[in-house]
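Let me begin by presenting the structure, written as structure tokens, before commenting on it.
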Amino acid sequence: MTPMIAGYATAWNIAAHDGEDDVIGAGSFLHLIASGTFAPKMLFEHDGEEIGRWLQFNEDAIGLLAVGRLDLCSIGGRRAFEMIEAGEITGLSRGANMVCLARRIPGTKSRFCKRVFHLGEISLARHPANPLAKLLSYCAGTA
């Protein structure tokens, strides 16, 4: 069994409620995706061991769509899979370690990021900081 998951790591033009409140613009990941070297870690709640591997990324009208495979040989991967099946994990969350070309949004503490240069991890999360960063589907079978 190789569980596959898909969801939005971030949605465009939404302030994430994570202390940084970054707003990510559409097109900001295109050059990373095109480079073939975009490989953020897959973590659970931004902590611990890797629980799988992100395999594919795509930008669409909503946000950065990520597709990955959970590693059931890891304790965290098994735990995450069980929590997805129980409906306890419903979102994805990009790591706070993002490096981007950004400008301050006047009157706020937020930045508008129009080009991302580095993102070290994307986590499965119970309460994503970006409310539209949702886990869309998972498949418990082989892929």
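The table below lists the values:
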{"quantity": "Top-ranked residue in region 1-60 [being in a strand (DSSP E or B) and of a type in the set (D, E, K, R); ranked as surrounded by the most Cβ atoms within 10 Å (Cβ to Cβ)]", "calculated": "K41"}
{"quantity": "Region 65-84: number of residues that are out of contact with any Gly (no Cβ under 7 Å at 6 or more places or on another chain) and either farther than 13 Å from E49 by Cβ or touching a residue at least 24 places away in the same chain (Cβ under 8 Å) (or both)", "calculated": "11"}
{"quantity": "Cross-chain or 6+ apart pairs with Cβ under 8 Å, region 120-137 first and charged (D, E, K, R), then in a loop (DSSP other than H, G, I, E, B) and surrounded by fewer than 21 Cβ atoms within 10 Å (Cβ to Cβ)", "calculated": "E121/H46; E121/G95; E121/N97; R126/E45; R126/E88; R126/T90; K134/T90"}
{"quantity": "Inter-residue pairs, beta-carbon under 9 Å, first under 16 Å from A26 (Cβ atoms) and in region 89-106, second surrounded by 13 or more Cβ atoms within 10 Å (Cβ to Cβ) and among the polar types (S, T, N, Q), 6+ apart", "calculated": "R94/T10; R94/S123; R94/N130; C100/S28; L101/S28"}
{"quantity": "Filtered residue count, region 73-129, keeping only those that are out of contact with any Leu (no Cβ under 9 Å at 6 or more places or on another chain) and at negative phi", "calculated": "24"}
{"quantity": "Hey, R79 crowded, with 20+ Cβ neighbours inside 10 Å and either at pLDDT below 95 or touching a helix residue (DSSP H, G or I) at 6+ places or on another chain (Cβ under 7 Å) (or both) or not", "calculated": "no"}
{"quantity": "Given (1) farther than 14 Å from Y138 by Cβ; (2) not in a loop (DSSP other than H, G, I, E, B), number of the condition A66 does not satisfy", "calculated": "(1)"}
{"quantity": "Cβ-Cβ under 8 Å pairs, at least 6 apart or on other chains, region 29-44 side more than 16 Å from G91 (Cα to Cα), far side of a type in the set (S, T, N, Q)", "calculated": "I33/N58"}
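The values are calculated or read from the model by the stated rules, or taken from the named source; none is laboratory data. Please read these numbers as outputs of a predicted model, since none were measured by experiment. A quick note on method: Cβ atoms are made from the backbone with ideal geometry, for glycine too, and the neighbour counts reach across all protein chains shown.
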